[in-house]
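*Asks:* Here it is, the structure in full.
Nothing in this text is a laboratory measurement; each read-out follows from the coordinates by a stated rule. All figures in this text were calculated on a predicted structure; none of them were measured in a lab. A quick note on method: Cβ atoms are made from the backbone with ideal geometry, for glycine too, and the neighbour counts reach across all protein chains shown.
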Amino acid sequence: MSTQLQTDDTEDERLLIEAAQRDPRRFGELFERHAHRVYAFVARRVRERGEVEDITSEVFHQALKNLKRYECRGVPFSAWLFKIAANAIAQYGRDAARAKEAPLEEAPEPVTDEDAERRAVVFDLVRTLPDDQQKVIRLRYAEQKSMREIAGEMKRSEAAVKQLHYRALEILRQHMEGRHAK
């Protein structure tokens, strides 16, 4: 991803945030931009689809409720959403533990700002991949499907899907190494 493209995306997102802070009806654009990433983040940590949907909804409810207090500080907006999601997941774990009278050790650990920012960078990088590679990464990691399931869904051979997966991971690895070298 070029530096200019990142700068344009960052500026575009900042303008969307400011517009939503002035008029909450504009929050829908931010929701559309980040809903799938937040959903995937929650889905990797919570097993029940209904709970994933409820938690994802709660994340955006909390984000909208607290949007006026959000300040752009050079960290992607998605990192803030991931932090809200991590807290909502932890609360879900505490509530589930209380309901089952089970120990709290099953609740996920809160996500640090650094972890949230790293995940946001990876998600942004995934968006730069060709569509087929994005789909393979989403199905493999967000939906946790097997290569065979992905091949069936994409109507391709398993070998072709493995090749798409490999190429996508290589591109992501190269981008991440490039970011750390700077």
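*Asks:* Debye calculation, C-alpha points only, no solvent: report log10 I(q)/I(0) for the chain at q = 0.10, 0.14, 0.17, 0.18 Å⁻¹, in the same order as the q values.
*Replies:* At q = 0.10, 0.14, 0.17, 0.18 Å⁻¹ the computed log10 ratios are -0.46, -0.88, -1.19, -1.27.
*Asks:* Sticking with this one: After finding the eigenvalues of the alpha carbon gyration tensor for the range 129-182, what semi-axes result from the square roots of 5 times each, listed largest first in whole Å?
*Replies:* Numbers: eigenvalues 111, 22, 13 Å².
Each semi-axis is √(5λ); the values are 24, 10, 8 Å.
*Asks:* Along the Cα→Cβ direction, 7 angstrom out, place labels at Arg49 and Tyr70. What is the inter-label distance in nm?
*Replies:* 2.8 nm
*Asks:* Determine, for the range 55-173, the count of lysine pairs separated by eight or more sequence positions (or lying on different chains) whose alpha-carbon distance falls under 17 Å. Intermediate values should be presented prior to the final figure.
*Replies:* Working: Lys65/Lys83; Lys68/Lys83; Lys135/Lys145; Lys135/Lys155; Lys135/Lys162; Lys145/Lys155; Lys145/Lys162.
Number of lysine pairs found: 7.
*Asks:* What is the gain in length, in nm to one decimal, between Arg98 and Glu149 on full extension, counting 0.36 nm per residue of separation less the C-alpha to C-alpha distance?
*Replies:* Details: separation 51, 0.36 × 51 = 18.36 nm, distance 3.61 nm.
The Arg98-Glu149 span can extend by a further 14.8 nm.
*Asks:* While we're on this one: Gain in length, Phe31 to Gln134, computed as 0.36 nm per residue apart minus the alpha-carbon separation, to one decimal in nm? Please list the in-between numbers first.
*Replies:* Working: separation 103, 0.36 × 103 = 37.08 nm, distance 1.95 nm.
Contour length minus the Cα-Cα distance gives 35.1 nm.
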